[in-house]
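The values are calculated or read from the model by the stated rules, or taken from the named source; none is laboratory data. Just so we're clear, the structure is a prediction, and the values are computed from it rather than from any experiment. Here the Cβ positions follow ideal geometry from the backbone for every residue, glycine too, while neighbour counts run over all protein chains shown.
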Ligand code: KIV
């Protein structure tokens, strides 16, 4: 697909539907896997049209769209609402919904029920859960319910308070050992891929070699099987200094600000809308209306 064709309708050349099998085959063929977050119809449609493999409706929604300080407050209802919008925008990429904090932490059955809602009510094709060994049983139950699972270990933002902040994980030997145990536990439980977030490059590489499931890195170095970034990070829409691993590919903040300032200036100067940007009466209606107005004016003058 050419870059110039992006955004021009929803009917470009179809690419095959991406599934869990596509993702696993990409690892076997050593083809890099691409994943971006998206949270709404318009942006998910563009991400899909660009040929990205997986779209994650991340709980980063809480911060980048809803303005919360961290990911903890976002609710099931909010995540479902945005997953539905993304579903409507996407044809080929795999759509994965992030299980929000509290949706799977208390009770395994509740975790499965919530995951079923993402698939049944919102059209997700998989869910993501944060955590390693301790999530193995939940992951097995989700697979029993026919729901593919993306794992997520390392810097898991839902554990921000337990971690004492957003800190790179696996920097000492016991941390590395724990991460390796977590990765192996997810692999054995049957995740179709796992996110490695905020871990040293060496650890990302070691886990990637060790596990069968594809690893999708974010701040985990270039040796993972794929990479994921937050849509708003790559487009300068977060109003905060970027993390070390973020690469900015565009400045949507500048683009939007300039457009809004230009609109304001045009309205205030009276140059928007122009005659070309206005609707007009059909010629016959205009002629009849002009005649009525002229008669009215003549009557008024003769009084
Ligand atoms: O919520 C999110 O955006 C994520 C990605 C950063 C992996 O979990």
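Taking the residues in the range 240-257 that are in a loop (DSSP other than H, G, I, E, B) and out of contact with any helix residue (DSSP H, G or I) (no Cβ under 8 Å at 6 or more places or on another chain) as candidates, determine which candidate is farthest from residue 166 (Cα to Cα). Looking at the filtered set, the residue picked out is 251.
Every residue, every condition in (1) closer than 21 Å to residue 34 by Cβ; (2) within 16 Å of the ligand (Cβ to nearest atom); (3) under 23 Å from the mean Cα position of the chain (by Cα), yes or no:
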| position | (1), (2), (3) |
| --- | --- |
| 115 | no, yes, yes |
| 131 | no, yes, yes |
| 137 | no, no, no |
| 156 | no, yes, yes |
| 191 | yes, yes, yes |
| 195 | yes, yes, yes |
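Going by the structure shown, is residue 41 surrounded by fewer than 23 Cβ atoms within 10 Å (Cβ to Cβ) and away from the ligand (no atom under 14 Å from the Cβ)? Here the answer is yes, as residue 41 does meet what is asked.
Assessment of the range 167-178 against the conditions (within 13 Å of the ligand (Cβ to nearest atom), within 19 Å of residue 219 (Cβ to Cβ), touching a residue at least 24 places away in the same chain (Cβ under 8 Å) and surrounded by fewer than 23 Cβ atoms within 10 Å (Cβ to Cβ)) yields no matching residue. Of the helices (runs of 4 or more DSSP H) lying entirely inside the range 119-236, the ones with 3 or more residues being in contact with a helix residue (DSSP H, G or I) (Cβ under 7 Å, 6 or more places away or on another chain) are found at 136-144, 173-189, 201-210.
Could you tell me whether the range 45-59 includes any residue that is at pLDDT 95 or above, away from the ligand (no atom under 16 Å from the Cβ) and either within 16 Å of residue 148 (Cα to Cα) or in contact with a strand residue (DSSP E or B) (Cβ under 7 Å, 6 or more places away or on another chain) (or both)? Yes, the conditions are met somewhere in the range 45-59. Looking only at residues of the range 206-222 that are near the ligand (Cβ under 10 Å from one of its atoms) and without any contact (Cβ under 8 Å) to a residue 40 or more places away in the chain, we find that the one that is farthest from residue 166 (Cα to Cα) is 217.
When the criteria are applied in full, residue 18 meets the requirement of being closer than 18 Å to residue 229 by Cβ, at pLDDT 95 or above, more than 16 Å from the ligand (Cβ to nearest atom) and crowded, with 21+ Cβ neighbours inside 10 Å.
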